[in-house]
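Where a number appears in this text, it was derived from the coordinates with a stated rule and is not lab data. Keep in mind that this is a model prediction, so the values were computed, not measured. FYI the Cβ positions are ideal-geometry reconstructions off the backbone, even for glycines, and counts take in every protein chain you see.
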Amino acid sequence: MKLLLIIILVLIHHIAAQTPGFFASNGFGKIFNSSSRPNGEYFRGTTYIAYQGPHEDPYVVAYIHSTQKWIGPIKAGVNQLGDLSNDQNKHDDHGKPAMVMSSDGYINIFYGGHGGCPEVEGISNIYGKGCGSGKLLHARSLLPENIEQFEEPKSNVSPFGTYASTVKIYNGDIYLFYRHGTHVASWVYQKSNNGGATFKDAVPVLKHKIYSDYADSWYGQFFTYQQDVDSVKRNVIGCSFIYHYHALGSAGDDHRIRRNAYFAEFHTDTREWKAIDGKVIESPITKTIADQYLLVYESGNDIYDKSSGTYNIDGEPVLLFKPYPSPTSKVGPSLDIWKWEIVNKQWTGPITLTYQTLQTAFFEKSPEKQNRMRIIGSKGSAVSAFDSYDNGTTWEEQPDIMSSRYDKKLMNAEICNAHPDATEIIAEKLPKTNFWYLYLRGDNGIVPREGSGEVAGLGCRDCWGENEFMDISSSPLEVCEDRKEFRFNNDSSLKCKKLKNKCNKWDKKGRLVKNHCPSTCDFCQSKKRCSDDKKFVFDKKDDGKNKTSDKVKGSCAALGKEWCNKQDKFGRNVKEFCKGTCRFCNKLRKEYGY
């Protein structure tokens, strides 16, 4: 029996070593942002994903859940913004793909952009100005639920679009939103009622206006209710947006001058735009109308940037924004949440979820999880999760769901109608290049793909090389060994085997014994072995200026990795408490040699 168990374990290890994690290794440029979305959709048993590949061209993959089979990547089109010289350091990145499935299974990809030129297209841009180097393009699959071939249909999609995003409502109608020009332009939508085969003419939504030395400009996010189709919100598209003060002339534009948070709703059945209190407002929306009826938060001179939005199960909008302390600050952004309270008829917030810098943050869009709301955000070399079980009123930060072992950059993207096994896309930056590995992740971890050399986010040394693999920093260690070199208080006689009665003691070097002697201390299977201590609050040493010690507000994650090598006033190492944030177990994995 024992021999059989050993054989089974060896086979499992062998299979695991051959089972990969990333589904593609050709992601390129600034691979995701919050304006071109979504990047994936679950449809009839398959998760479809679109992403930016070499030359900024759109690529598509499909994962069939029942058979665990991957198809692709397949190039769906040619982006005119792509650099044909093969120079990896030159990329525009304004043409990342957004996708949507038609009700009958056709895959629609919208990509390219950054303007389009009236002189080239032979038509005028009535909703914007400027001349860009690319244009908005539309790729559509030749067959339903098949990514092998795409065509460029004559669908009437405007070439002047930038930042394409898609919304599909309950009856299958598709709305394509985008900015109708380079920078100084209105935001518009085009509607398709035949699954993306054709689109009606553009309709302005957020109106730009040019003054002598500046222009009113905008950044918008668009989303719909994803729960019960019988809801009163089934015809409604939410729009959260921020104002961009676009300087003109010799001053030049400062893209960081983004202010205020706004929200409006588009009622698709009546084609009316309404404020959250139900008041019908004039469209397209001007700065004056937005300030008077649609203001969620006035940020003053502080920068307030776009992020994401959703509806909770009661149909209340819950919005994410990214605040910066000042236009010149290099700190931030953090992550603020605003929620509309139907009973009190007011916006509540901001609830600051984290003070750490976040590149991308999205709401999880899985209709099967009506009791839990989740925000997924990338912060440098880790991806975090924030959960709410009371419709978005309170939130709790979870341990990092994925980390890069060698601090390579991670970013994440949104999947609509997501299956629980595939709720987000995560990209990992390859060192010294502009390419990325791409992963599909869900409740059970990374969805593996045969041939790329990784299982559930845990690295395979022989597959990518020493510096090119990832792991989940808070996951349990595969082995449990006392550190051979550990000596309590540097006393050569006090090895781990002699410290059974000192497991919860700290030595003079600020080390907690059980962290370094897990086998002796029976600490191997503890969930706390590789994760942050949620009760820990850093207590600074008195610097002589303060009569009382100064406590840093927040968790280990709020402190950030820059605090990992510090000690509190008791001489205890921060990294001994903050083992997830400080990648404590990652360092042990490297030390153990796997």
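Need the full-extension length gain, Q370 to E121, defined as separation in residues times 0.36 nm minus the C-alpha distance. One decimal, nm.
Numbers: separation 249, 0.36 × 249 = 89.64 nm, distance 4.59 nm.
Extra length available between Q370 and E121 comes to 85.0 nm.
So, R0 is 41 Å and r is the distance between the beta-carbons of N344 and S526; what FRET efficiency does that work out to, to 0.05?
Working: r = 43 Å, r/R0 = 1.05.
E between N344 and S526, to the nearest 0.05, is 0.45.
Whole-Hz Karplus ³J(HN,Hα) for segment 303-308, in order, using 6.51 cos²θ - 1.76 cosθ + 1.60 and θ = phi - 60°, x for Gly and Pro?
7, 10, 10, 6, 8, 6
Can you tell me the order of 33-44, 360-371 when each peptide is scored by its average per-residue count of other Cβ atoms within 10 angstrom, highest first? Kindly include the intermediate steps, with their values, before the conclusion.
On the way: 33-44: 22.2, 360-371: 19.4.
Most protected by this proxy first, the peptides run 33-44, 360-371.
What order do you get for 167-180, 390-403, 190-203 when each peptide is scored by the mean count of other beta carbon atoms within 10 Å, highest first? Spell out each step's value before the answer.
On the way: 167-180: 21.8, 390-403: 19.6, 190-203: 17.5.
Result, highest mean Cβ count within 10 Å first: 167-180, 390-403, 190-203.
Could you pull out every residue, at least 5 positions away or on a different chain, whose amide H is within less than 5 Å of the one on G132? Hs are placed 1.01 Å off N in the peptide plane, and Pro or chain starts have none.
Counting only residues 5 or more places away or on other chains, the set is G116, C117.
About its Cα centre, what dipole magnitude does segment 26-206 give when the only charges are +1 on Lys and Arg Cβ and -1 on Asp and Glu Cβ, stated in debye to the nearest 20? Please list the in-between numbers first.
Details: 15 positive and 16 negative charges, 78 e Å.
So the magnitude is around 380 debye.
Using alpha carbons only, how many angstrom separate the centre of segment 19-85 from the centre of segment 161-220?
When both Cα centres are located, 23 Å separates them.
Could you compute the FRET efficiency for E396 and N193, with r as their C-beta to C-beta distance and R0 at 51 Å, rounded to 0.05?
On the way: r = 42 Å, r/R0 = 0.82.
That gives a FRET efficiency of 0.75.
Suppose the chain between L494 and L248 were pulled fully straight at 0.36 nm per residue; how much longer would it get relative to their current alpha carbon spacing?
Numbers: separation 246, 0.36 × 246 = 88.56 nm, distance 7.01 nm.
Gain in length upon complete extension: 81.6 nm.
Pull out the extension gain between D314 and Y211, defined as 0.36 nm times the separation in residues minus the alpha carbon to alpha carbon distance; nm, one decimal. Write out the running numbers ahead of the final one.
Working: separation 103, 0.36 × 103 = 37.08 nm, distance 4.16 nm.
That pair, D314 and Y211, stretches by 32.9 nm at full extension.
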